[in-house]
1. Within the set of other residues whose C-beta is less than 14 Å from the C-beta of Phe159, count the net charge using Lys and Arg as +1 and Asp and Glu as -1.
2. Counting Lys and Arg as +1 and Asp and Glu as -1, what is the net charge of the other residues whose Cβ lies under 12 Å from the Cβ of Leu146?
3. So if I take the alpha carbon set of the range 82-209, get Rg, then get Rh from the Kirkwood formula, what is the Rg over Rh ratio?
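Coordinate-derived values only; no laboratory data. All of these numbers come straight from a predicted model, not from anything done at the bench. We place every Cβ from the backbone using ideal geometry, glycine too, and count neighbours over all the protein chains shown.
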Amino acid sequence: MNPHRTMTRFAATALVAAAYLAMTVASVGCGGGGNDTTTSSTAPVAIFTADTPTPANGSVTLLQGTTSGASVNVRVTVTQVANFFGAGFRITYDPTALLFNGMDHSTSLLNAGITDTSQLYFSADSANHPGEIVITATRLYPATPLPAAPTADLVILNFVARLAIAPNVAVGRLDFGAPANNQVCDGTVSGTGCGAITVTWSGGGVSAQ
């Protein structure tokens, strides 16, 4: 069975509600002989703080990407993993605090040297289980695995903070799922699976203030 089929076994994920609620602050002032009422809308400014800001060799790590107001890009990165071919994994989050807004693979390390995009497969399934995204990012056999290399993006995930989130609180956490649900492959085909590579998985947390 090829790695694409192996990855897509992780086929259960998150239903994410589609609306983003802004926080509105109203202020009322009085002066002179009349009332002057001013209303302003503000939204939280989101950042992502990695548990491991300097990824270790042989790891898949969440790192901060670009930010814009309540929107934050979270980089899923790969560091010094030899024979890297693809990965299937789950990301857990609190959908009451964070809106998953999509995945970008345009800068993925898997694109290197690939001229035929039919040799690549990317999927972010967030339709089945609230608070969980099942992600597949892989080359398709018989494409060539990648050599070990410095930290590079596998995919980029976008989240929007629905509300103010204090640093280091549970509602802001982004974590990889249970180890049994995460897999990195080296591109070999063996029976019903692929050649698994052992890596360290490291998440982090979003704050929005």
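1. -1
2. Result for the neighbourhood of Leu146: 0.
3. Rg divided by Rh gives 1.00.
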